[in-house]
1. Please determine, by comparing only the residues of segment 37-60 that are small (Gly, Ala, Ser) and under 16 Å from Ala90 (Cα atoms), which one is surrounded by the most Cβ atoms within 10 Å (Cβ to Cβ).
2. Just give me the residues in segment 32-91 being assigned to a loop (DSSP other than H, G, I, E, B) and under 18 Å from Gly11 (Cβ atoms), in sequence order.
3. Only one residue in Thr85, Thr81, Thr34 is among the β-branched types (Val, Ile, Thr) and surrounded by 15 or more Cβ atoms within 10 Å (Cβ to Cβ), so which one is that?
4. Within the set of pairs 6+ apart or on separate chains, which have a first residue in segment 14-35 that is closer than 23 Å to Thr81 by Cα, a second that is among the basic types (Lys, Arg) and surrounded by fewer than 20 Cβ atoms within 10 Å (Cβ to Cβ), and C-beta atoms under 8 Å apart?
Amino acid sequence: MLVRYKAIVLGKVQGVGFRYFTQHEALKHHINGTVRNLDDGSVEIDAEGEREDIARFIQAVKKGPMFSKVQEIKINKQEDTKHYTSFTIAY
């Protein structure tokens, strides 16, 4: 069953390749959606996929790339799906 989650990732997550890492992990875990930097220094992820794939994807995102430091992830399940067809980095 297709599910959608929005997540806000807090910590040292900008300027360290975090969006590219997230996109790579999304493709690896069959997740569609978007990732973008927010003005407050956090990163927003809008992810859609099968529940088990989302769970594995979130675990990978918690680790982050080498120079990042994820302090917290705020995750909210969304009621609707957007039927994304790929995972993109939004600018």
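Quick note: the coordinates plus some simple rules give every number you see, no bench work behind them. Since the model is a prediction, treat every value here as computed from it, not as a measurement. FYI the Cβ positions are ideal-geometry reconstructions off the backbone, even for glycines, and counts take in every protein chain you see.
1. Start the filter on segment 37-60 by keeping residues that are small (Gly, Ala, Ser), which leaves 41-42, 47, 49, 55, 60.
Still in the running and under 16 Å from Ala90 (Cα atoms): 41-42, 47.
Values: Gly41: 12, Ser42: 18, Ala47: 27.
Looking at the filtered set, the residue picked out is Ala47.
2. Of segment 32-91, the ones assigned to a loop (DSSP other than H, G, I, E, B) are 38-42, 64-68, 79-86, 90-91.
Correct list: Leu38, Asp39, Asp40, Gly41, Ser42, Gly64, Pro65, Met66, Phe67, Ser68.
3. Working: Thr85 fails: surrounded by 15 or more Cβ atoms within 10 Å (Cβ to Cβ); Thr81 fails: surrounded by 15 or more Cβ atoms within 10 Å (Cβ to Cβ).
After applying the criteria, what remains is Thr34.
4. Arg19/Arg36; His29/Arg56; Gly33/Lys82
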